[in-house]
Amino acid sequence: MMFLAKIVIILNSCFLMLNCINAQLLQQPQKFTHKDSLRGTYGASRDWWDVQRYDLNVKFNFEDSTISGYNKISFKVLKNGTSLQVDLQEPMIADSFKMHIPNCKVTGAEYAVDYIKDGDAYFLKLDQTVKDEPYSILTIYFHGKPQIAKRPPWDGGLIWKRSADGSPFVSVACQGLGASVWYPVKDHQSDEPDNGASITITYPDSLVGVANGKLIKETKSKGYKTSKWLVSLPINSYNLVPYIGKYAHFNEIYKGEKGNLAMHYWVLKENLEKAKKQFADAPKMMKAFEHWFGAFPFYNDGYKLVEAPHLGMEHQSAIAYGNKYQNGYLGRDLSGTGWGKKWDFIIVHESGHEWFANNITTKDVADMWVHEGFTNYSETLFTDYWFGKKAGNEYCIGTRKGIQNDRPIIGPYNVNKEGSGDMYPKAGNMLHTIRQVINDDEKFRQILRGLNKDFGLKTVTTEQVEKYISKKSKQNFNKVFDQYLRTAQIPVLEYKQDGFKVEYRYTNCIKGFDLPLKINFKGERWIKPTEEWKLLSIYPEGDNSFSVDENFYIKTKKVE
């Protein structure tokens with residue numbers, strides 16, 4: 001027994017040492033490279049030109065997992081620029097750059113442009129003609145064997161798999177990694193093509209090709225099929241993706257806020273019957289989210305669920321689905337309450353991104369909580385809509401077990417770096433807390449709808465979103481956002497109780513933190529703690545138990 005006790009002591013000491021090392025590592029500043037800056041900075045090679053449209057054309061070669069094609073980038077000149085940055089990640093190769101200026105009488109036809117390559121960035125040398133003309137078209141020819149996704153969608157790239165019948169099953173997942181992993185593009189979230197995009201894919205004619213938007217043309221030639229899909233509205237470059245496989249198709253019309261919405265479903269043939277049953281959650285999702293967030297943003301392009309060779313992604317108007325036709329998250333309830341097993345997580349969560357990520361997009365990935373926090377909370381709102389407010393509250397509170405509080409939710413700017421994964425459940429619980437303070441669900445709903453109306457089809461900063469919520473709610477949430485987004489500290493309400501007298505204050509918080517709280521102390525009442533001790537005294541009669549409403553994401557600590 002003494003020997004075992006010594007072993008336990010040694011193991012505990014090692015565990016404590018590892019925790020200390022991990023804490024020290026988390027406190028160390030992150031180091032970023034020149035490559036990170038090239039990818040994440042919206043600098044002099046990017047800020048003078050505005051993308052109007054992408055026309056992407058790609059052929060998929062299944063024999064050697066290579067692709068080839070061209071991307072035609074139409075852009076508007078905003079001001080004088082000395083060079084133009086286009087991104088294409090190695091080992092992909094840009095073969096040539098051709099410039100065409102439609103209204104210029106001097107140059108006329110398409111002509112070659114010289115460049116300097118710096119890692120994954122190509123800097124084009126511009127002549128005076130480009131700078132003087134308001135509108136130009138840059139065509140980039142490319143080929144190569146793109147990075148293969150190791151663990152899509154998180155560790156992304158091209159995905160080359162086979163379905164159950166042995167047929168090729170191919171797609172792309174590249175959020176964070178960037179669309180430049182497979183095609184040449186202005187790879188920065190802040191510039192979406194104002195006039196949409198087309199994506200034309202060529203593949204063996206025994207297969208079916210699906211992509212964003214609407215199918216406008218399909219041809220066959222020499223054993224290959226070419227499908228052209230058109231997106232009519234702005235789209236983020238990481239959302240523009242192909243799906244190729246042995247697909248079957250079915251569809252329905254949803255009568256929504258803006259009229260008839262076409263909802264299309266593309267699934268592997270062997271899964272058709274399962275999909276017809278499981279995808280009943282799609283119109284239910286649409287009904288709940290149009291209630292909370294406003295009309296679906298992409299009526300012109302329609303809504304699609306497309307079976308993918310990975311778990312799922314929010315690809316605009318072509319949501320990737322890989323949840324194996326089961327409720328929950330691959331069969332699990334992330335909240336642990338049972339409510340998350342009553343609906344398909346991927347259908348609900350990834351479709352929620354059509355409003356937050358696709359309709360409203362952040363300029364910098366550091367602010368990705370706007371995408372993931374609101375969409376995480378969409379799960380709660382879906383549950384609330386279909387199963388009641390109590391169920392929604394329980395679901396949201398249950399997701400707190402996934403919060404790490406390892407580092408701030410907002411990441412470093414200009415280096416293409418996300419913050420903590422807490423941007424999902426912690427940011428969702430922050431929004432739930434704000435909803436409690438607003439204390440008016442209709443006002444909260446109108447704020448969510450207003451965000452999608454006023455910032456729809458735009459790129460935003462976190463400050464814009466924060467100020468909007470404070471302005472529309474007529475409550476100052478500055479300190480709340482700073483606390484939950486910019487620190488890893490969870491506020492603690494310390495309280496001392498002497499019968500029917502309670503003293504309380506906040507600790508483990510930023511200076512000036514003043515989140516109001518709903519408490520239970522001889523009935524429901526509101527308090528507004530600060531870092532200074534405050535006193536609440538109640539007439540001494542009846543039960544004197546004290547608690548904080550659990551819908552507020554804070555910790556409590558009774559002190560003597």
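Tabulated data
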item	result
Total residues in the stretch 257-288, condition assigned to a strand (DSSP E or B) and more than 24 Å from the chain's Cα centre (by Cα)	3
Meets criteria (within 23 Å of M423 (Cα to Cα), in contact with a strand residue (DSSP E or B) (Cβ under 7 Å, 6 or more places away or on another chain) and surrounded by fewer than 17 Cβ atoms within 10 Å (Cβ to Cβ)) for P516	yes
Filtered residue count, the stretch 526-542, keeping only those that are surrounded by fewer than 16 Cβ atoms within 10 Å (Cβ to Cβ) and either outside the structural domain of F552 (by TED's automatic domain parsing) or modelled with pLDDT of 95 or more (or both)	8
Search result, residues across the stretch 313-330 that are surrounded by fewer than 24 Cβ atoms within 10 Å (Cβ to Cβ) and at positive phi	K324, Y325, G328, L330
Count - residues of the stretch 225-259 that are in contact (Cβ under 8 Å) with a residue 40 or more places away in the chain and among the aromatic types (F, W, Y)	4
Residue list for the stretch 130-184, restricted to those being exposed (fewer than 15 other Cβ atoms within 10 Å of the Cβ), in contact with a helix residue (DSSP H, G or I) (Cβ under 8 Å, 6 or more places away or on another chain) and part of a strand (DSSP E or B)	none
Number of the exception - P102 against (1) closer than 14 Å to Y135 by Cα; (2) within 26 Å of the chain's Cα centre (by Cα); (3) assigned to a loop (DSSP other than H, G, I, E, B)	(2)
Residue match in the stretch 83-94 (condition: within 22 Å of T202 (Cβ to Cβ) and assigned to a strand (DSSP E or B))	yes
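The values are calculated or read from the model by the stated rules, or taken from the named source; none is laboratory data. Here the structure is a predicted model, which means the values were calculated and not measured. Quick reminder, even Gly has a Cβ in these numbers, built from the backbone with ideal geometry, and neighbours come from all protein chains shown.
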